[in-house]
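Derivation of every value follows stated rules applied to the coordinates shown; laboratory data play no part. None of these values were measured; they are calculated from a predicted model. All Cβ positions, glycine included, derive from the backbone under ideal geometry; neighbour counts span all protein chains shown.
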Amino acid sequence: MKRIINIAFLSFFLVAPGCSDSKEKDDHSQHAAETVQQIYTCPMHPEIIKDKPGNCPVCGMQLVKKEAGGKKVNDVTLEAMLKPTNEFVVSSIPVVTIRKDEEQIEIEALGNIAYDTRQVGSISSRVSGRIEKLYVRFRYQKISKGQHILDIYSPELMTAQQNLLFLLKNDPTNTSFIQAAKEKLLLLGMSSQQLQQVIQSGKPSLTIAVYSNYSGHIHEAVQESNMNSGQGSMKDISLITGELSLKEGMYLQKGQSVFSVYNPDRAWVILNIYGESQGLIKTGNAVRIIPETAPDKDFRASIDFIEPFYQRESKTLTARAYFNNSSLKIPIGSQVRATIFGNTREAYWLPADAVVSLGMDKVVFQKTKGGFKAHKIVTGINHKNYVQILSGISETDSVAAKGQYLMDSESFIKVKN
């Protein structure tokens, strides 16, 4: 009996120090935790550590309390931690899901103002002859309807006048021949007023005056033809300015187009539409136009025509919107910014920050057990701060709200379809 008591007494002394040591360790851990929780540091300079609140001696920012430990993640396994960073990321970042909604599509586009070629008039020579006098001196000179453009000396016209005067003098009763001679002079470009002057004076006019039937900016038809054949675009005319190549003394051929007159009061807005937006634009869509030369003169128009081909060396499709420029007076060739209001579209949308672009591919970080996994998706258009999701994830899938934050700067993202 005495031996049993001694063994029990010895066991008590062996166990008691162990309990005491465990209690001391718990107290020490609690005290250390309290000590760590009282550490203050600077958000911008983490090397600054203080044991009480205050300001950072480097930048002056208020010190913040540094919390000990972190949020416990119960679902992180050793297998997840051992996965490559380019396939799997462990994080507690907030998540979002795709939403289905109807959005009024707005497409931004750039372009320029150009002449409306439907309003182009042509001034041509009805007879062969020599330019005696030229009354316009430079390209893009503004002219008015009825303005005197040039005088032409023509042997053909001189002969026709002499025939008329001969009939009037020697056979005044032959009205049919006299009327035919008058009509011939009118067809050759002589005005009724000029014809009456010839009849009253009894002398042929040495030159015939050519008047403009249009108002607008004058362009040289010969130069324009050469430029259009080489460039294929009317707007390239604006690259060349200066005096006309036509000079007094030069000869013109019968039927030759001498000048073209463009009306600046009727114009086009030519917009360049990029590939991802081309399927969203239809004829009749409303457009808000903001000229860069006059931002306060924004106006509304509509898409009237979409060219069914690409311009040479261009990766964009061209859309035209006609407008009345008589009151706006926007210079031809001005650059513009436009917002095209497309049709309302119901689709799935995801915040743009959640989508990471890898060039040809787009990925999101899909929430899985233990972290986030890079997952490939197919996207559509970008609208405001959202991206259209065509396929890859469903409404029940959660993805990282800030996908860019989960990228490893030292590795490439590896995705599996």
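Observations on the structure shown:
- Shape category assigned to the stretch 343-394 from the gyration tensor of Cα positions, a/c cut at 1.5: prolate
- The amide H of residue 66, built 1.01 Å from its N in the peptide plane, has 39, 40, 41 as neighbours under 5 Å, considering only residues 5 or more places off or on other chains.
- Taking amide H as placed 1.01 Å from N in the peptide plane, residue 258 has its amide H under 5 Å from the amide H of 123, 124, 125, each at least 5 places away in sequence or on another chain.
- The stretch 157-170 - phi-based ³J(HN,Hα) in whole Hz, Karplus 6.51/-1.76/1.60, Gly and Pro as x: 5, 4, 5, 5, 5, 5, 5, 4, 5, 5, 5, 5, 7, 9
- Backbone HN-Hα couplings from phi across the stretch 291-298 [Karplus 6.51/-1.76/1.60, Hz, Gly and Pro as x]: x, 5, 6, 8, x, 7, 9, 5
- Whole-Å semi-axes of the stretch 257-299's equivalent ellipsoid (Cα gyration tensor): 26, 18, 10
- Ranked by how many other beta carbons lie within 10 Å on average, peptides 201-211, 261-271 from highest: 261-271, 201-211
- Rounded to whole Hz, the Karplus (6.51, -1.76, 1.60) HN-Hα couplings of the stretch 126-136, x for glycine and proline: 8, 9, 7, x, 10, 6, 8, 8, 10, 9, 10
- For residue 156, neighbours were defined as the other residues whose beta-carbon sits under 14 Å from its Cβ, and their charges (Lys and Arg +1, Asp and Glu -1) total +4.
- Most to least packed among 309-318, 40-49 [average Cβ atoms within 10 Å]: 40-49, 309-318
- Net charge in the neighbourhood of residue 57 (other residues with Cβ under 14 Å of its Cβ; Lys, Arg +1, Asp, Glu -1) is +1.
- The amide H of residue 387, built 1.01 Å from its N in the peptide plane, has 350, 352 as neighbours under 5 Å, considering only residues 5 or more places off or on other chains.
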